[in-house]
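Engineer: One structure is given below, represented as structure tokens, and several questions about it will come after.
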Amino acid sequence: MNPKEEERLDREDEAVEQNSSLTPALLAITAQLPLPISQSQVQQITPSALAYLGDAIYELYVRIFYLVPQQRSETYHRLVVAQVRAETQALHLRSLTPHLRSNELEIVRRGRNAAARHPKRVDPGIYQQATSLETLIGYLYLTDYQRLTELLQKIHLEK
């Protein structure tokens, strides 16, 4: 390996370390949003609505993850789209499943059952899993932000 390649790999390693240490701090920014919602109100929110919220929170998490090192807008877009697509979300859900508690598995089940319609390009099972992940993220965002942060950190995002 030549010196330039070694230098590039060192920079990439540093970026991964920076992203890992920045993630909790950056996620805390969204935790400061006012959430005047009770547990009984959360129980009344449909899985589709939780998935809608979870989709936004998940995409924000992924966007924050890729901020460092600085890159061109097109590169940011390509990296984020690769992580928020249904197929990747389904993989992330499968990797998280062994770490989920029984109440979280119930939310995942509700999210899966709520995903009746799906885009033509995506297998229905994959779409259900992706919606389940988004539902879980939306639910945890409203009910247990610390647990959400813990689970998101278990997701392996590709550089």
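Engineer: Using mean Cβ contacts within 10 Å as the protection proxy, how do 131-143, 54-66 order, highest first?
Structural biologist: 131-143, 54-66
Engineer: Order of 79-87, 108-116 by packing, highest average Cβ count within 10 Å first?
Structural biologist: Ranking, from highest mean packing down: 108-116, 79-87.
Engineer: Could you work out the per residue convex hull volume over the alpha carbons of the stretch 79-134, in cubic angstrom?
Structural biologist: 71 Å³
Engineer: Right, another one. For the pair LYS120/ILE37, report the inter-label distance in nm, with labels modelled 7 Å from Cα in the Cβ direction.
Structural biologist: The answer from the label model is 3.4 nm.
Read the figures in this text as sums done on the coordinates, not as results from a lab. These numbers were taken from a predicted model, which means no experiment stands behind them. Glycine also receives a Cβ, built like all others from the backbone with ideal geometry; neighbour counts cover every protein chain displayed.
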